[in-house]
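J.: Can you read through this structure? Questions will come right after.
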Amino acid sequence: MLGEYPIQGRRASDIARSVEQAVTSGALGPGQALPPQRALAERLGVNPNTVAAAYRTLRERGVIETDGRRGSRVRPKPPVAARNALRVDPPPGVRDLSDGNPDPSLLPPLTAAFAEAAARGDREPVLYGAEPVDPDLAGHARGGFARDGVPAGPIAVTSGSLDAVERLLAAHLAPGDTVGVEDPGWGSLLDLVPALGLRTAPVTVDEDGPLPDDVARVLAAGARALVVTDRAHNPTGAVLGPDRARALRAVLARHPEALVIEDDHGHGIVDQPLFPLAGATTHWALVRSAAKAYGPDLRVAVLTGDPITLDRVRGRQSLGPGWVSLLQQRALARLWDTAAVDPAEVAASYRTRREALIAALAHRGVPALGRSGMNVWVPVPEETGVVTRLLHHGWAVSPGARFRIRTPPAVRITVSTLSGDDIGAVADAVAAATAPAPARRFT
């Protein structure tokens, strides 16, 4: 090991940096073992405590993991090698069904909303010390949360859902703490948690959301936070229904100290009602992003939660970026006010495509999931071969490794750009790509 990669440094920070650079460059691959602490200390001529401190830093950053007698190894998906690196780059002539983007034709025009917001900014320039949340946007958000049964709480605005989740985790957790995450789940979140120095505890997801027994297990084992997607779950399309929400609230009631973060990024593109977990624990937050309904470049998410959590988020935000541009907030408020997007029409469009693809796959003997949102999740025997064969058929899909920790292989298909004429061709390609190889005959 030491001959393959000469870890360097005399201080703990230098040793940790050396290992992290090796992981980034690929000199140390996922799952590769690091030398025992005493052996490395002898090689570097330092105290074993120095190497122990370096390894501790690497564990807190999510770069390595330690498993008793097996020693320390590079994590299977270290944060310095993000899951987005697993994406497929479609060659020319291949249709891209891997990116998870909304259908551009379902996004509203932004010109009038931004022009009105800019004109107001000309009349009333936003200066330092201004209120960080636009009152109109806050009013719309409060009304929407109330209609969906979310408890009343303060309103904050962040630059998208992931920004909100990061700030919420940082508000309550410290490096080394454990977070319950959905498996499969949002790849960016699965990268973010270890990058913050936190540990991930996978919670299996079915069509109704996280399994209550898994949630109970990770919370009983000491997880201090749980992140749940209410609707349009990425990548499976799961929806948290009333029975599952009731069961999860009963589990959470036994762990009132846990932080519960709900990601309702599907707001505006789904027709399933919300059954929130908000308020089941002392500290909670629910986040809604504008990305799917109004476009990923509109970097605005609104969130509410208990007063202590939201106060911490807003206080820390004031010491960093300060606020999310009031120009963007006012534009979104205008879009909401004019009902620029009809959620029922958008949801119906995505539903038609999802259900058509799932039915076509079922007709060909291929099971798939997708109750809401813009993705279909297809279990497969193995991912690399299936993705490669689909590329040869002219379709790029996302390998499931971007989204899963322990759950079986699968691929994610984004239906946003599919038309009715495409469905049969995609289903045929998937069926061919997942079919067992013919048995070889020997004579």
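J.: Please find, within the stretch 97-155, the residue that is surrounded by the fewest Cβ atoms within 10 Å (Cβ to Cβ) out of those that are within 31 Å of the chain's Cα centre (by Cα) and among the β-branched types (V, I, T).
T.: T111
J.: Also: Does V19 satisfy the criteria of being among the β-branched types (V, I, T), outside the structural domain of D177 (by TED's automatic domain parsing), assigned to a helix (DSSP H, G or I) and within 21 Å of V193 (Cβ to Cβ)?
T.: Taking the combined requirement at face value, the residue satisfies it.
J.: Here's a follow-up. When residues of the stretch 302-319 are filtered for being over 16 Å from V165 (Cα atoms) and assigned to a loop (DSSP other than H, G, I, E, B), how many remain?
T.: 1
J.: Right, here's the next one. Counting just the residues of the stretch 258-303 that are of a type in the set (S, T, N, Q) and more than 16 Å from the chain's Cα centre (by Cα), which one comes out surrounded by the fewest Cβ atoms within 10 Å (Cβ to Cβ)?
T.: Going through the qualifying residues, I end up with T282.
J.: Let me ask you something else. Here is a list: P235, P175, P194. Which entry is touching a residue at least 24 places away in the same chain (Cβ under 8 Å), touching a Ser or Thr at 6+ places or on another chain (Cβ under 8 Å) and assigned to a loop (DSSP other than H, G, I, E, B)?
T.: P235
J.: Looking at the stretch 346-359, is at least one residue part of a loop (DSSP other than H, G, I, E, B) and surrounded by 15 or more Cβ atoms within 10 Å (Cβ to Cβ)?
T.: No; the residues of the stretch 346-359 include none that is part of a loop (DSSP other than H, G, I, E, B) and surrounded by 15 or more Cβ atoms within 10 Å (Cβ to Cβ).
J.: Checking L248 against (1) at pLDDT 95 or above; (2) surrounded by fewer than 23 Cβ atoms within 10 Å (Cβ to Cβ): exactly one of these is not met. Which one?
T.: (2)
J.: Given (1) among the β-branched types (V, I, T); (2) surrounded by 22 or more Cβ atoms within 10 Å (Cβ to Cβ); (3) more than 17 Å from H233 (Cα to Cα), where does I413 come up short, assuming only one miss?
T.: I413 satisfies all of (1) among the β-branched types (V, I, T); (2) surrounded by 22 or more Cβ atoms within 10 Å (Cβ to Cβ); (3) more than 17 Å from H233 (Cα to Cα) except (3).
Conditions (1) under 20 Å from R59 (Cα atoms); (2) out of contact with any helix residue (DSSP H, G or I) (no Cβ under 7 Å at 6 or more places or on another chain); (3) crowded, with 23+ Cβ neighbours inside 10 Å, marked per residue:
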{"position": "P175", "(1), (2), (3)": "yes, no, no"}
{"position": "E182", "(1), (2), (3)": "no, yes, yes"}
{"position": "R199", "(1), (2), (3)": "yes, yes, no"}
{"position": "D208", "(1), (2), (3)": "no, no, no"}
{"position": "P212", "(1), (2), (3)": "no, no, no"}
{"position": "A221", "(1), (2), (3)": "yes, yes, no"}
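J.: A follow-up question, please. Filter the stretch 74-93 for residues that are surrounded by 17 or more Cβ atoms within 10 Å (Cβ to Cβ) and at pLDDT 70 or above and give the result.
T.: Answer for the stretch 74-93, where residues must be surrounded by 17 or more Cβ atoms within 10 Å (Cβ to Cβ) and at pLDDT 70 or above: V74, R75, P90.
J.: Any idea which of A425, A433 is buried (at least 20 other Cβ atoms within 10 Å of the Cβ) and assigned to a helix (DSSP H, G or I)?
T.: Of the residues listed, the single one that is buried (at least 20 other Cβ atoms within 10 Å of the Cβ) and assigned to a helix (DSSP H, G or I) is A433.
J.: Out of all the residues in the stretch 144-172, which are in contact (Cβ under 8 Å) with a residue 60 or more places away in the chain, farther than 20 Å from R402 by Cα, among the hydrophobic types (A, V, I, L, M, F, W, C) and part of a helix (DSSP H, G or I)?
T.: F145, A164, L168, L169, A170, A171
J.: Do we find a residue being part of a strand (DSSP E or B), aromatic (F, W, Y) and in contact (Cβ under 8 Å) with a residue 12 or more places away in the chain anywhere in the stretch 288-301?
T.: no
J.: Confirm whether S318 is surrounded by 18 or more Cβ atoms within 10 Å (Cβ to Cβ) and of a type in the set (G, A, S).
T.: The answer is no for S318.
J.: Now a separate question. Does I358 satisfy the condition of being on the phi < 0 side of the Ramachandran plot, modelled with pLDDT of 95 or more and in the same structural domain as V165 (by TED's automatic domain parsing)?
T.: It is false that I358 is on the phi < 0 side of the Ramachandran plot, modelled with pLDDT of 95 or more and in the same structural domain as V165 (by TED's automatic domain parsing).
J.: Those residues that are farther than 27 Å from G266 by Cβ and either free of Cβ contacts under 8 Å to residues at least 24 places away in the same chain or not acidic (D, E) (or both), I need them from the stretch 364-387; list them, please.
T.: R364, G365, P381, T384, G385
The values are calculated or read from the model by the stated rules, or taken from the named source; none is laboratory data. Because the structure is a prediction, the values reported are computed rather than measured. All Cβ positions, glycine included, derive from the backbone under ideal geometry; neighbour counts span all protein chains shown.
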